[in-house]
Amino acid sequence: MVHEQHERIFRTGSKTYYFSSRFFPPAVRDDVYALYGFVRVADNLVDELPVDPELFHAFRRRYASAWESGSASGDRIIDTFIELQRRKLFDPAWTEAFLDSMEHDLVKSSCDSLEETLSYIYGSAEVIGLYMARIMDLPEESYGAAAMLGRAMQYINFIRDIAEDNHLGRRYLPLVGTSMQSVAREEAFAHPQEFRRFIRREIERYRTWQQQAAEGYRFIPRRYRIPIMTAADMYCWTARQIMREPMIVFERRVKPSKFRILRKGVAHTLGVAFGC
C-alpha cells in the first residue's frame, strides 16, 4: 500500500511529475507514487554527495533478495514496488536495466558516444516509460512510443542539468563528432557560440524523439493522457527556454512553476491545450 512517504519523496523529487500526476485517477496515481518512490530512492543513492556506493549496493541486494524469495525486505519503498511489479506484470529485466544504469553512475563519469548515452538512457528512462505503459494497461503497440517519451524527457534533463552534473563530475551528452572538448562552464564561456550551437543541436535531437513519442498518445485513454501530455508539455517548455539562450544552464536550473504545470493540466482537461 502506498504510504505518505511515497508522496513526500515524489513531491520533493520532481515538481513536474508530481503536479502532473495529480491529474491521474487515484488508483493510478498511487501506482505512479510507488514506482517513483523506488526509482527516486535508487537515484538519490548515487547522486547525493558524499556518494556511498555501499548504500546503493545494499539497496539493490535487498530488492534482489525480496524479489527472488517472495518475502518482504522490510523496506517499504522496495516492498511496495515489488507488489506493483508483480501485479502489473513488469518485466524484471526492466528493473535490472534501471539498476544497472544507476550503478553506471558509480563506476563511469561520462558517456562519450551517442550509443553509450542511449544505453544509459534505456535503463534510466526508457524503462520508466515501459513501467508507465504497464501501469496504464496500454497495448504492447504503445511500448516503443512510451520508451521514446522517457528518452526524450531524460535528454532534456541532461541538457538542463549540465551545471549540476559538472559538479558531480559527470557528463551524459555525447561529444564525439562535435567541436566541444567538454561542457564545463569554462569551456562554454571560452567558446560561447560553439556551445550554443551544440546545445541547440541536442535540443533538436530531443524534439525528434518527442515527436516520435507523441505518435503514441493515441494509445492512451483520455483520463490518463492528460497528465502524460502535461508533463511532456513542460519538458517542451523547458527546451524552448534553453533553446533561446543555452548559456542559461549555467545560471539556473530551468524548471516550470507549479502554477504553469497545473494551468497546463487544467487546459488539457478542458480540451483547450495545444501541446508544445
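Just one residue in the set LEU99, LEU89 is in a loop (DSSP other than H, G, I, E, B), hydrophobic (A, V, I, L, M, F, W, C) and at pLDDT 95 or above; that residue is LEU89. Only one of (1) assigned to a helix (DSSP H, G or I); (2) of a type outside the set (Phe, Trp, Tyr); (3) surrounded by fewer than 20 Cβ atoms within 10 Å (Cβ to Cβ) fails for ILE82. Which number is that? Only one criterion is unmet by ILE82, namely (3). Mind checking whether some residue in the range 143-162 is among the hydroxyl-bearing types (Ser, Thr, Tyr) and either farther than 27 Å from ILE228 by Cα or part of a helix (DSSP H, G or I) (or both)? The answer is yes, given that some residue of the range 143-162 is among the hydroxyl-bearing types (Ser, Thr, Tyr) and either farther than 27 Å from ILE228 by Cα or part of a helix (DSSP H, G or I) (or both).
Among the residues of the range 176-216, those that are at pLDDT below 95 and hydrophobic (A, V, I, L, M, F, W, C) comprise VAL176, MET180.
Could you say whether any residue in the range 221-232 is at pLDDT below 95 and either surrounded by fewer than 21 Cβ atoms within 10 Å (Cβ to Cβ) or under 29 Å from ARG201 (Cα atoms) (or both)?
Pass one, the range 221-232, residues at pLDDT below 95: 222-223.
Filter once more, so that each one left must be either surrounded by fewer than 21 Cβ atoms within 10 Å (Cβ to Cβ) or under 29 Å from ARG201 (Cα atoms) (or both): 222-223.
The answer is yes; a qualifying residue exists.
Under the condition of being of a type outside the set (Phe, Trp, Tyr) and either out of contact with any helix residue (DSSP H, G or I) (no Cβ under 7 Å at 6 or more places or on another chain) or closer than 19 Å to ARG222 by Cα (or both), the residues counted in the range 11-46 number 14. The residue that is modelled with the highest pLDDT, counting only those in the range 111-130 that are in contact with a strand residue (DSSP E or B) (Cβ under 9 Å, 6 or more places away or on another chain) and surrounded by fewer than 20 Cβ atoms within 10 Å (Cβ to Cβ), is GLU116. THR208 fulfils the conditions (1) in contact (Cβ under 8 Å) with a residue 40 or more places away in the chain; (2) among the β-branched types (Val, Ile, Thr); (3) farther than 21 Å from GLY13 by Cβ; (4) part of a helix (DSSP H, G or I) except for a single criterion, (1). Summed over the range 201-220, residues that are over 18 Å from the mean Cα position of the chain (by Cα), of a type outside the set (Phe, Trp, Tyr) and surrounded by fewer than 20 Cβ atoms within 10 Å (Cβ to Cβ) total 4. Among the residues of the range 187-205, those that are out of contact with any helix residue (DSSP H, G or I) (no Cβ under 6 Å at 6 or more places or on another chain), in a helix (DSSP H, G or I) and over 27 Å from MET148 (Cβ atoms) comprise GLU187, PHE189, ALA190, PRO192, GLN193, GLU194.
May I ask you to verify whether PHE81 is within 28 Å of ARG218 (Cβ to Cβ), touching a residue at least 40 places away in the same chain (Cβ under 8 Å) and not acidic (Asp, Glu)? Before you say what the answer is, go through the steps one by one.
Details: within 28 Å of ARG218 (Cβ to Cβ): no; touching a residue at least 40 places away in the same chain (Cβ under 8 Å): yes; not acidic (Asp, Glu): yes.
It is false that PHE81 is within 28 Å of ARG218 (Cβ to Cβ), touching a residue at least 40 places away in the same chain (Cβ under 8 Å) and not acidic (Asp, Glu).
Might you check whether a residue that is closer than 30 Å to PRO25 by Cβ and among the aliphatic types (A, V, I, L, M) occurs anywhere in the range 102-117? Within the range 102-117 (the criterion being closer than 30 Å to PRO25 by Cβ and among the aliphatic types (A, V, I, L, M)), the answer is yes, since at least one residue qualifies. The numbered conditions (1) on the phi < 0 side of the Ramachandran plot; (2) surrounded by fewer than 14 Cβ atoms within 10 Å (Cβ to Cβ) are all true for LEU99 except (2).
Quick grid of which residues meet (1) in contact (Cβ under 8 Å) with a residue 24 or more places away in the chain; (2) not small (Gly, Ala, Ser):
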| site | (1), (2) |
| --- | --- |
| MET153 | yes, yes |
| ALA163 | yes, no |
| ASN166 | no, yes |
| TYR172 | yes, yes |
| GLU186 | no, yes |
| ALA190 | no, no |
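I'd like the residue in the range 237-251 that is surrounded by fewer than 20 Cβ atoms within 10 Å (Cβ to Cβ) and in a helix (DSSP H, G or I) and, out of all such residues, is nearest to the chain's Cα centre (by Cα).
So the first thing to find is which residues in the range 237-251 are surrounded by fewer than 20 Cβ atoms within 10 Å (Cβ to Cβ), and the list is 237, 240-241, 243-245, 247-248, 250-251.
Of the ones still in play, those that are also in a helix (DSSP H, G or I) are 237, 240-241, 243-244, 247-248, 250.
Numbers: TRP237: 16, ARG240: 18, GLN241: 19, MET243: 20, ARG244: 23, MET247: 22, ILE248: 21, PHE250: 21 Å.
This residue is TRP237.
The values are calculated or read from the model by the stated rules, or taken from the named source; none is laboratory data. Only a predicted model underlies this, so the values are computations on that prediction, with no experimental measurement involved. When we count neighbours, we look across all protein chains shown, and the Cβ atoms used for this are built from the backbone with ideal geometry, even at glycine.
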